Amino acid sequence: MRRGVLLFVLMAQALAPTPAHSRSELGPSPRRSVVAEVRSLSDAPATGPKHAPVTVEVFCAHLYRQCRDVYRVLAELSKRHPTRLRVVYRLIALNFQDAALFAEAALEAWAQGRFLEFQKLVHEQQGALARKDLERLASQAGLDMAAVRTALADQRHRPQLEYNDLWATRLGVDRTPALVWNGRLRATAIHVDAYEQLYDEAHAEARKLLDRGVAATRLYPVLLRRSSRQGGEHALDSTPANSPTSQATGNIDLHAPRVTIALGGAPSRGPEGAEVTILVFSDFQCAYCAYLQRSLRRAEEAYAGHVRLVYKHFPMASNTESRLAAEAAACAQLQGQFWPFHDRLFQAPTRLSRSALLRVAADIGLEPGRFLEDLETGRCAEQVDADIAQAKTLGVVQAPTLFVNGLRLPGTRNFEDLRLILDEELRPGLLEALTSRLPD
């Protein structure tokens, strides 16, 4: 039996069946409930008592140097409050270098009872870390290396990382490191005195509930639900203009008229029968469009199975290389490789010359002769022209412009915007529904 390890587990699993029919148009759709179940699995590494009055959930990308400082300060705070503070480590696997592998290895270290030892070694390293360093550090931490290799090969800890990202979404976390104190996302300097103040505030609130008769085993679920209600996360169209929620969503009116948009053969990612379709008119040379990609990707991952992303071309005249890039992406679509091409272009939106586009085509395995012929003959220009014409009929004047189930959202949107809207489209009060079923 592992000691000091939290076996307190959440996992949102969508059980609603996906409709078998295809939706070829994006338009108003009835809100369908996402039937979510919270079931028990091995959850995140943790230290401190299971039912401590204060729980801080730490969301960190394992390789970030700032995480080292956060962990160090929390360790010092835990020494001050050994019986009243629980620290839960939520590892986030960002898409750079071997970050996901290190996060999975850290979870395997936790499974072997050596999480703190492994993380300490990782944070002591200087410079970038790679796969070869992972095995060396895991061995130094005293891990069973055969078990580590097996865990990485079969990705047994990947579901936990996916859950961490989903849970971060529910709690409003959109960057790391981030700390959530008894359900409340709070920002402060990384200093023990600042953390002590947040601890005192969280403990005072918890003490009031305990004094009113809330059982210690139900305290954290109650605190999570209270934070959700007080945050007003789902009152998008009724919050005061000066509230954080209103500012984050740009005063989006969920009851505004929605439009029906023919999707035709536009490239899409996600189930065709998804409850929510996000249509984006975008430009490969647009910095704001590139910034939007991370928010869209996180939405796809956090709401997997319930969101479909559709791409339409809208190259703006002010961007000299965006038209050629759009046509090149349409040519990649003819060979069934639109999304790999799309992802590569947005990684370097300033490098869209003809020679750069040809290199990308070769790198992702397109047949070069066919790609070049399609591009030179203008075969792919028709799709781009059609998308531009459609955008103009919808009143689109800038990229990016999003339509979520036919609701227009111009401009760049961060993940918090999308999170709030998607929760409303899928099921109002989704966070409260999830936390109401937390196990004791």
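The values are calculated or read from the model by the stated rules, or taken from the named source; none is laboratory data. Predicted, not measured: the structure shown is a model, and the values here were computed from it. Don't worry about glycine lacking a Cβ; one is built from the backbone with ideal geometry, like all the others, and counts go over all protein chains shown.
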Scan segment 186-209 and tell me whether some residue there is free of Cβ contacts under 8 Å to residues at least 60 places away in the same chain, crowded, with 20+ Cβ neighbours inside 10 Å and either over 21 Å from F102 (Cα atoms) or in the same structural domain as T55 (by TED's automatic domain parsing) (or both). no
Looking at segment 292-312, which of the residues that are closer than 16 Å to G273 by Cα and not hydrophobic (A, V, I, L, M, F, W, C) is surrounded by the fewest Cβ atoms within 10 Å (Cβ to Cβ)? G305
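Just to be sure before I move on: is A151 touching a Phe, Trp or Tyr at 6+ places or on another chain (Cβ under 8 Å), part of a helix (DSSP H, G or I) and crowded, with 19+ Cβ neighbours inside 10 Å in the structure I sent?
Judged against the criteria, A151 is not a match.
With F346, F284, F341 as the choices, which residue is among the hydrophobic types (A, V, I, L, M, F, W, C), surrounded by fewer than 22 Cβ atoms within 10 Å (Cβ to Cβ) and out of contact with any Lys or Arg (no Cβ under 9 Å at 6 or more places or on another chain)?
Among F346, F284, F341, only F346 is among the hydrophobic types (A, V, I, L, M, F, W, C), surrounded by fewer than 22 Cβ atoms within 10 Å (Cβ to Cβ) and out of contact with any Lys or Arg (no Cβ under 9 Å at 6 or more places or on another chain).
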All but one of (1) touching a Phe, Trp or Tyr at 6+ places or on another chain (Cβ under 9 Å); (2) over 24 Å from A302 (Cα atoms); (3) modelled with pLDDT under 90 hold for G127; state the number of the condition that does not hold. (1)
Could you list all residues from segment 277-313 that are over 20 Å from N414 (Cα atoms) and at pLDDT 95 or above? H313
Some residue of segment 40-49 being surrounded by fewer than 14 Cβ atoms within 10 Å (Cβ to Cβ) and at pLDDT below 70: yes
The residue that is modelled with the lowest pLDDT, considering only those in segment 251-276 that are more than 22 Å from the chain's Cα centre (by Cα) and among the small types (G, A, S), is A256
Every residue from segment 96-115 that is touching a residue at least 40 places away in the same chain (Cβ under 8 Å), assigned to a helix (DSSP H, G or I) and out of contact with any Pro (no Cβ under 8 Å at 6 or more places or on another chain): A100, L101, F102, A103, E104, A105, E108, A111
